[in-house]
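Inspection log for the structure reproduced underneath, given as structure tokens.
Nothing in this text is a laboratory measurement; each read-out follows from the coordinates by a stated rule. From a predicted model like this one, the values you see are computed outputs, not experimental measurements. Methodologically, a virtual Cβ is constructed for each residue, glycine included, from the backbone with ideal geometry; neighbour enumeration extends over all protein chains shown.
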Amino acid sequence: MSENYATVNPCSMCMPMGSVMAFKGIEGCMPIFHGSQGCSTYMRLHLAHHYREPVDIASSALSEKGAVYGGAANLKKGLLNVIQGYGPKVVGIATTCLAETIGDDVAQIVREFQQEEPSAREVAIISASTPSYSGSHEEGYNEALKAIVRTLAKRGRPNSRFNLVIGSIVSPAEVRQIKSMLNEWGCGYDYTLLPDISETFDAPLAADYPKIPEGGTPLAEIAEMANSRETLTVGGSVLVGGAGDYLEREFGVHHTRLPLPIGVELTDRFVGTLEEITGLGLPEKYERDRGRLLDAIIDCHKLVAGVRTAVFGDTDMVLGVAKLLCEMGMDPRVLATGSKNAEFIRWGEKMAPGSEVLSGVDFSDIHESVSRNDIDLLIGPFTGRQISKAENIPLLRVGLPNHDRFGASRQMVLGYEGATRLVDGIANFIVEMNERGG
């Protein structure tokens, strides 16, 4: 495929968007964008529509003056307002295109601010370089996770814990599922999960709205990640240079990267790795969940076999869903992501042999591929709805963002149970397609 120098309807979001998902997963954290006001306004709206939760993101509100003379004064004022107004334990700074282009030295600005403001000395301040022209929301998420451990993890006495890094953006329900699985496994307090968005992006209804949602990975646990015996990154098959790689390079913590556990084979790999790390066997409950997944696949095999699909969205999510489709006997002909990543192409060809694998593309490119491959079913975020409408191909909504359906915070495709839900969902979707003559 020839290189395209224009983007029409992107299949990804910007780097600062991804950083919010990482920062919101740590205890008492308030994100702030160093850039124009519009950046944070857009992100708040976009994420609130997806999660159906209020999402606060502060801004340094750079103007024309700041763009010319530098944004140090704006950022310092913004940090002070956040600390005084929200009382955070942590402030996560994500830079935008404007701040990076004018060359602001954010690390130096933060050092000056902490020296000048006594109230800031008890607050951890993390900065991540996330200009949109450097990558997608996935790279922004990855960069923010690395910045979190770079700032907060401290060398100390070795401990017996292991780190579980969620290396790809998943739903709050899926994080709760992973935590429940580890606790039922008997891991108890022997692990640190980063980031933990299980409550911060899907909180119960409360009488009083907290300025910063409860939950997130405790700061004390993040500090100890440098002293753990192992790091396992799930959703780390494609993106490199993240939190786990940093901990291995700087502190010698052994690091293993795995794809998202979607479907039978990939969940088996996740389970097998956990058995090696913990020395504990898989609880019977999950053995039975695995059997139910196999049963669900067999139940619908005749219905779904050979259905031609196109899967698009975040890299690891696309790869995992494509692998499950192959296990179901379906025909994933197109795998596409807006993130530009050569590893995605290699993994895609491995997960779904014979498929057309597209990296760094927009929806105009995906539309052309869908038309060429005579697709029956689209699977991906709601942003593919224009292709669905133009080609009269049904779209099963999976992944981020999802603005026109409810329950995105509670969608589950990970693990045996999540895959069973997805198998049933795909089968019922195809039944409805057939009933409507699709």
Checklist entry - For region 285-435, what size does the Cα cloud have along each of its three principal axes, sorted from largest down, in whole Å? => result 43, 36, 30
Checklist outcome for this item: Interchain or sequence-distant (5+) residues whose placed amide H lies within less than 5 Å of the amide H of Glu230 are Asn163
Next on the checklist: Give me, ordered by chain and number, the residues 5 or more places off Leu193 or on other chains with an amide H under 5 Å from its own placed amide H.
Outcome noted: Leu164
Item to check | Cα Rg, Dmax (largest Cα-Cα span) when computed across region 392-438, Å | outcome: 11.8, 33
Next on the checklist: Quick one: 3J(HN,Hα) in Hz for region 132-146, Karplus 6.51/-1.76/1.60 with θ = phi - 60°, rounded, Gly and Pro as x.
Outcome noted: 5, 6, 9, x, 9, 4, 5, 5, x, 4, 4, 5, 5, 4, 5
Checklist entry - Once amide H atoms are placed 1.01 Å from N in the peptide plane, what residues at a sequence separation of 5 or more from Ser171, or on another chain, have their amide H within under 5 Å of its amide H? => result none
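Taking the Cα centre of region 15-152 as origin, work out the dipole magnitude from +1 charges on Lys and Arg Cβ and -1 charges on Asp and Glu Cβ, in debye rounded to 20.
Working: 11 positive and 14 negative charges, 41 e Å.
Here the size comes out at about 200 debye.
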Item to check | Cleavage-rule hits, trypsin sites (Lys or Arg not before Pro), region 86-148, DSSP coil, Cβ neighbours within 10 Å at most 13 | outcome: Arg121
Checklist entry - What span do the alpha-carbon atoms of region 15-152 cover on each of the three principal axes, reported in whole Å from largest to smallest? => result 38, 32, 26
Item to check | HN-Hα J in Hz across region 66-82 - Karplus 6.51, -1.76, 1.60, θ = phi - 60°, x for Gly and Pro | outcome: x, 5, 7, 9, x, x, 4, 4, 5, 5, 4, 5, x, 4, 5, 4, 5
Item to check | ³J(HN,Hα), Karplus 6.51/-1.76/1.60, whole Hz, each residue of region 48-60, x for Gly, Pro | outcome: 5, 5, 6, 8, 6, 9, x, 10, 8, 9, 7, 9, 7
Item to check | At most 13 other Cβ within 10 Å, DSSP loop - chymotrypsin sites (Phe, Trp or Tyr not before Pro), region 161-241 | outcome: Tyr189
Checklist outcome for this item: Here P(r) for the chain, Cα-Cα distances in 20 Å bins, as whole percents, is 26, 57, 17, 0
Checklist entry - Considering the Cα trace of region 161-210, what is its radius of gyration and what is Dmax, both in angstroms? => result 12.4, 37
Checklist entry - Which shape class applies to region 150-299: rounded if a/c is under 1.5, otherwise prolate when a/b exceeds b/c and oblate if not, where a ≥ b ≥ c are the square roots of the Cα gyration tensor eigenvalues? => result oblate
Checklist entry - Farthest toward the dipole's positive end in region 104-164, which of Ser127, Val110, Ala153, given Cβ charges of +1 (Lys, Arg) and -1 (Asp, Glu) about the Cα centre? => result Ala153
Checklist entry - Quick one: Cα centre-to-centre distance for region 337-379 and region 270-336, in angstrom? => result 19 Å
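If you take the Cα Rg of region 260-356 and divide it by 2.2 N^0.38 Å, with N the number of residues, what do you get? Present the calculation step by step, with values, prior to reporting the outcome.
Working: Rg = 14.8 Å, N = 97, 2.2 N^0.38 = 12.5 Å.
Relative to the rule-of-thumb radius for its length, region 260-356 sits at 1.18.
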Checklist entry - Are there trypsin sites (Lys or Arg not before Pro) in region 26-82 that DSSP marks as loop and that have at most 11 other Cβ atoms within 10 Å, and which are they? => result none
Checklist entry - Taking the alpha-carbon centroid of each part, what is the distance from region 87-159 to region 12-75 in angstrom? => result 13 Å
Checklist entry - If you build a Gaussian network model of the chain, linking Cα atoms that sit under 10 Å apart, which residue out of Gly25, Gly70, Gly236 swings the most? => result Gly70
Checklist entry - When the scattering of region 44-111 is computed by the Debye formula from its Cα atoms alone, each counted once and equally, what is log10 I(q)/I(0) at q = 0.12 Å⁻¹? => result -0.36
Checklist entry - Dipole magnitude of the chain about its Cα centre, charges +1 at Lys/Arg Cβ and -1 at Asp/Glu Cβ only, in debye to the nearest 20? => result 460 debye
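Could you work out the helix-only [θ] at 222 nm for the chain, with each DSSP H run of four or more residues adding -39,500 (n - 2.57) and the total divided by the number of residues, to the nearest 500 deg cm²/dmol? All intermediate terms of the calculation are to be shown ahead of the outcome.
Values: 17 runs with 204 residues, N = 438.
Result for the chain: -14500 deg cm²/dmol, rounded to the nearest 500.
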Checklist entry - Which residue, Ile126, Ile166, Ile393, has the most motion in a Gaussian network model of the chain that connects Cα atoms within less than 10 Å? => result Ile393
Next on the checklist: So if I restrict to the alpha-carbon atoms in region 8-73, what is the Rg, and what is Dmax, the biggest pairwise distance, in Å?
Outcome noted: 13.2, 39
